[in-house]
Amino acid sequence: MFICGNSYICTGCRVCEAMCSFRHFSVINPSLARIQIKRDNLGADKIFTCRQCNKPACVEECPEGALYQEEGYVKFDRELCAGCFVCVEACPYNGIWSHPNLDYPLKCDLCGGSPLCVETCPVDVLKLVNTEEEAEKIWNQPTPGQVLVKVYQKVDEGSK
């Protein structure tokens with residue numbers, strides 16, 4: 001199970017980041033969130049969070065065993081973490097990151113199974129999914145702009 005969302009529908013409001021940081025640190029500070037929204041060069045808001053991989057590179061690379069897999073989730077034991085951040089470099093999805101004021105990495109823990117970011121997303125972009133196939137359907141949903149283009153194409157075809 002992991003969180004995903006269609007980045008092209010995301011409004012970039014960052015409520016997910018605010019709620020995540022509040023849940024874990026009791027402050028509203030998006031840089032402390034375990035989900036990150038980053039705007040790309042084209043102005044699209046990209047969603048980054050742990051994908052709870054089947055064969056997680058972060059777990060394989062962690063020299064201390066602070067990251068481990070249990071019941072299909074990648075879990076983190078802060079007490080075992082040496083703060084080397086090898087896991088951050090190992091993740092191919094940018095789903096784990098460092099914060100300059102913390103000596104351990106930040107990664108999604110799914111809020112124990114009921115992710116607050118999913119519950120509070122005001123445009124219902126974030127979803128909790130069980131498989132890559134479910135995620136692909138969400139990632140590949142057409143954007144509102146793509147839908148409009150198709151509508152205009154059909155109208156144009158009908159006028160010929």
Is it the case, given these coordinates, that CYS108 is within 16 Å of PHE25 (Cα to Cα) and of a type in the set (A, V, I, L, M, F, W, C)?
yes
Is one or more of the residues making up the stretch 114-135 surrounded by 12 or more Cβ atoms within 10 Å (Cβ to Cβ) and at pLDDT below 80?
yes
So for the stretch 60-70 (the condition being part of a loop (DSSP other than H, G, I, E, B), on the phi < 0 side of the Ramachandran plot and among the aromatic types (Phe, Trp, Tyr)), does at least one residue qualify?
no
Keeping to the stretch 38-67, report how many residues are in contact with a helix residue (DSSP H, G or I) (Cβ under 6 Å, 6 or more places away or on another chain) and more than 12 Å from GLY95 (Cβ to Cβ).
2
Tally up the residues in the stretch 24-52 that are hydroxyl-bearing (Ser, Thr, Tyr) and touching a residue at least 40 places away in the same chain (Cβ under 8 Å), please.
2
Can you name the residue in the stretch 4-31 that is closer than 14 Å to LEU106 by Cβ and surrounded by 18 or more Cβ atoms within 10 Å (Cβ to Cβ) and, of all such residues, is farthest from the chain's Cα centre (by Cα)?
SER21
For the stretch 12-62, which residues satisfy the criterion of being more than 22 Å from LEU116 (Cβ to Cβ) and of a type in the set (D, E, K, R)?
ARG39, ASP40, LYS55, GLU60, GLU61
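Would you check which residues across the stretch 71-105 are assigned to a loop (DSSP other than H, G, I, E, B) and either under 18 Å from the mean Cα position of the chain (by Cα) or among the small types (Gly, Ala, Ser) (or both) and list them?
GLY72, ALA82, GLY83, CYS91, PRO92, TYR93, ASN94, GLY95, SER98, HIS99, PRO105
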Does the stretch 75-91 contain at least one residue that is touching a helix residue (DSSP H, G or I) at 6+ places or on another chain (Cβ under 9 Å), on the phi > 0 side of the Ramachandran plot and of a type outside the set (Asp, Glu)?
no
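The values are calculated or read from the model by the stated rules, or taken from the named source; none is laboratory data. These numbers come from a predicted model, not from an experiment. Counting neighbours? That spans all protein chains shown, and the Cβs are built from the backbone with ideal geometry, glycine included.
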